[in-house]
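Here, each number is a calculation from the coordinates, and none is a lab measurement. Please read these numbers as outputs of a predicted model, since none were measured by experiment. When we count neighbours, we look across all protein chains shown, and the Cβ atoms used for this are built from the backbone with ideal geometry, even at glycine.
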Amino acid sequence: MLERIWTNILLFVSQFVTPDWGKLIFFMPVAIVLAVLAGLLWIFAMLRKGKPARRGTQRIPPKTPAGVHMPGPTLAPVFGAVGVFLVLLGLVVGGITVVLGLIALALTLLYWLAEGIRNYDHDIGATGTTVPAVVHDGPPPGVHMPGPSWRPFLGAFGLFAVMLGLVFGEWVLAAGIIALISTLVGWMADAIQEFRKTVQADTTGHLENIPEPRSPRRLLAVLTVLILGAAVLQSGIFAGSSANGGTGAPGASGAPAGSGAPAGSGGPPASAVTADVALEAKGVAFVQTTWTGPAGKPFTIAFDNEDPGTPHNVEIQDGTGAVVFKGDIFNGVATKIYQVPALTAGSYKFLCIVHPTAMTGTATIQ
């Protein structure tokens, strides 16, 4: 009796010590929504309990104190919150949701940046305290101080896009490389102009900086369109029918004629005919939750990822949880042939390590 009570206590405590992080992440958007609703209900309850507002006959217009700059109202935080919510939701459900979240978040940040530039260009000059102009003779002899530049920010933007491409695929990687190269070329051009000014100063005795650059709004717009276009192409929205099984294949299911594969859209892809096991992922789930493989010899698995832009793989674990095979992760829509080493007869668990709670199944080796 005491042993059973102690076991139940340990099982209860284990839910907090070693929780199922997949389930926690899955319910995170729901918890955020419930927290927001609870906060709104609490605010409304406090407003109902509060005393009536004491208002005069005429509203006093707000006035900013002298020397203080207050930006105007903006919807950028609201749009940013929606983008972050879609990104977190996409990490759970997969598919195009994460791409929509990234696009919404990128557009919001660019909109916010444009507002900040506009406030800086127009408001600071009008509300800032005017100070007397001080004209310097220049930096000390032998010292060259370059002027302000947008190149570091653009270089960081391009490098960020390259890092995204290493995660999501070749289209985003190519767009990031183009953005980074264009920034480095512009940076090199600025450096050449500064060097020419330095050489000219050896003759004139006066060192001048190159003209102060303006806000690169056009370049930012081009780079943004490039990155977003690459993200859309990477998501597989415009993938042709050949990427999903191919209407150009001889059979309706994508299998060659006369191969004996069942007809219809639910059949395996053409590459699955040459493999020992055909496995398909669709809707962030394995279509086949059980399969059988040969024991005592290597075999192949044709894994068909039908989720556009969503990474999947196949990992096989034995009864103790040890990993006996781990396939490469790749984005859909695509098919990969896995070479599985020889396994002993028995029951094994297979799963996708990207979605370990939503994509699991049982493999029988016999």
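Could the peptides 77-87, 318-328 be put in order, highest first, of the mean number of other beta-carbon atoms found within 10 Å of their residues? Walk me through the numbers before you get to the answer.
Details: 77-87: 15.8, 318-328: 11.9.
Packing proxy ranking, top to bottom: 77-87, 318-328.
Which of the peptides 90-103, 302-315, 341-354 is most tightly packed, and how do the rest follow, going by the mean number of other Cβ atoms within 10 Å of each residue? It would help to have the intermediate numbers written out before the result.
Details: 90-103: 19.4, 302-315: 22.6, 341-354: 15.4.
Highest-to-lowest ranking by the protection proxy: 302-315, 90-103, 341-354.
Within 10 Å, Cβ to Cβ, of residue 306, how many net charges do the neighbouring residues add up to if Lys/Arg are +1 and Asp/Glu are -1? All intermediate terms of the calculation are to be shown ahead of the outcome.
Working: positive: 282; negative: 280, 304, 307.
Neighbour charge sum, excluding residue 306 itself: -2.
Which order, highest average first, do 5-12, 280-287, 24-31 follow once you tally other Cβ atoms within 10 Å for each residue and take the mean per peptide?
Going from most to least packed, we get 280-287, 24-31, 5-12.
For residue 330, list long-range residues whose amide hydrogen, built 1.01 Å from N in the peptide plane, is under 5 Å from its own amide hydrogen.
Here 312 satisfy the definition.
Residue 217: net charge of surrounding residues, Cβ under 13 Å, Lys/Arg +1, Asp/Glu -1, itself excluded? Could you put the intermediate results ahead of the total?
Numbers: positive: 118, 214, 218; negative: 115, 121.
My count for the surroundings of residue 217 gives +1.
List the residues, sorted by chain then number, that are 5 or more residues from residue 299 or on another chain and whose placed amide H is less than 5 Å from its amide H.
340
Under 5 Å between amide H atoms, partner at least 5 residues away or on a different chain: which partners does residue 286 have, H built in plane at 1.01 Å?
So residue 286 has HN proximity to 360.
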